Amino acid sequence: MKRPLIGITTHPSTAGAGPADQLPAQAAYVRAIAEAGGVPVHIPLSLMEYDLAVLFDRLDGLLLSGGGDIDPALYGALPSTSLRGVDAARDRTELVLARWAATRGKPLLGICRGLQVVNVACGGTLIQDIGAEHAGALDHDGPDRPPSSLAHPVRLEAASLLARLLLQDPLETNSAHHQAIKALGRGLSVAAWSRDEIIEAVEVAGHPWGVAVQWHPERLLERSESRALFSAFIQACA
């Protein structure tokens, strides 16, 4: 099999997100892609759109990684006091890449923030802080939990690609996010929920392989379902 080139978006160390999203954590994405058979490459945040387009065209797949919050102005909302790690350059770069991947059929995997980027890129909105805005919510943030510890199960939609790939329902996941999807973006379908009705995964309708999950499978590579997700992504990219 050809070893596909996979672009991974990066998190600036100055944006102040949690430890699971700082630059050292990029090694987990690199390992997951490499072990699944891909060749990982980090995408700079400083590229002009023309150069970003050149790089995008050369990629076989795109991984939108975890990180800080998206500027709520980008989905028509006023900022809450709970915002963390907003970075304008990252927002600009990732939203462009997500729209290109969604509309051009480039294999796409979004993780945590990456799911939220995909949703905003498709016209959706976000819950800015689950604990403050979603009554009866589970502890999705868990700042004191190790990134690889299991937090709660999610239930998979039976008709979803994820259900066919992972063969686990419910699926035990880790969790390190305080934001989530509010209004679903255009052309997206829900692939998984947590028991408090937070959307945990989406798929791009009609896309050859467009999946985004709210948990961190790159931190759970000892689990067969996480390895299956990355393997399927790389196979689609190849």
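Across segment 43-60, the qualifying residues are those that are in a loop (DSSP other than H, G, I, E, B) and either among the basic types (Lys, Arg) or in contact with a Lys or Arg (Cβ under 9 Å, 6 or more places away or on another chain) (or both), and the one among them that is nearest to residue 179 (Cα to Cα) is 45. Taking the numbered list (1) closer than 26 Å to residue 5 by Cα; (2) surrounded by fewer than 23 Cβ atoms within 10 Å (Cβ to Cβ) in turn, residue 212 passes all entries but (2). Within segment 208-238, the only residue that satisfies the criterion of being in a helix (DSSP H, G or I), more than 25 Å from residue 105 (Cβ to Cβ) and under 16 Å from the mean Cα position of the chain (by Cα) is 219.
If you go through segment 2-42 and pick out every residue that is of a type outside the set (Gly, Ala, Ser), at pLDDT below 95 and part of a helix (DSSP H, G or I), you end up with 6. Every test in (1) in contact with a helix residue (DSSP H, G or I) (Cβ under 6 Å, 6 or more places away or on another chain); (2) surrounded by 24 or more Cβ atoms within 10 Å (Cβ to Cβ) is passed by residue 119 save one, and that test is (1).
All conditions but one from (1) under 12 Å from the mean Cα position of the chain (by Cα); (2) part of a loop (DSSP other than H, G, I, E, B) apply to residue 63; the one that does not is (2). Among the residues of segment 141-155, those identified as surrounded by fewer than 24 Cβ atoms within 10 Å (Cβ to Cβ) and in contact with a strand residue (DSSP E or B) (Cβ under 7 Å, 6 or more places away or on another chain) are 150, 151, 152, 153, 155. For residue 124, the conditions (1) out of contact with any Lys or Arg (no Cβ under 9 Å at 6 or more places or on another chain); (2) under 29 Å from residue 53 (Cα atoms); (3) surrounded by 19 or more Cβ atoms within 10 Å (Cβ to Cβ) are fulfilled apart from (1). Look at residue 203 and say whether it is within 20 Å of residue 113 (Cα to Cα), buried (at least 16 other Cβ atoms within 10 Å of the Cβ) and of a type in the set (Asp, Glu). Here the answer is yes, as residue 203 does meet what is asked.
Pairs are defined by a Cβ separation below 7 Å, a sequence spacing of at least 6 or placement on different chains, a first member in segment 80-91 that is more than 15 Å from residue 117 (Cβ to Cβ), and a second member that is in a helix (DSSP H, G or I) and modelled with pLDDT under 95; the pairs so defined are 82/132.
Return the residues of segment 72-111 that are assigned to a loop (DSSP other than H, G, I, E, B) and surrounded by 18 or more Cβ atoms within 10 Å (Cβ to Cβ); say none if nothing qualifies. Answer for segment 72-111, where residues must be assigned to a loop (DSSP other than H, G, I, E, B) and surrounded by 18 or more Cβ atoms within 10 Å (Cβ to Cβ): 85, 86, 87, 106, 107.
Yes/no matrix, rows are residues, columns are (1) more than 17 Å from residue 116 (Cβ to Cβ); (2) in contact with a Leu (Cβ under 9 Å, 6 or more places away or on another chain); (3) of a type in the set (A, V, I, L, M, F, W, C):
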{"site": "170", "(1), (2), (3)": "yes, yes, no"}
{"site": "186", "(1), (2), (3)": "no, no, no"}
{"site": "195", "(1), (2), (3)": "yes, yes, no"}
{"site": "220", "(1), (2), (3)": "yes, yes, yes"}
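So which of 205, 183, 191 ends up being more than 18 Å from residue 109 (Cα to Cα) and either modelled with pLDDT of 95 or more or of a type in the set (Val, Ile, Thr) (or both)?
Criteria check complete, one pass: 183.
The values are calculated or read from the model by the stated rules, or taken from the named source; none is laboratory data. All values reported here derive from a predicted model rather than from experimental measurement. Every residue, glycine as well, gets a Cβ built from its backbone with ideal geometry; the counts of neighbours run over all protein chains shown.
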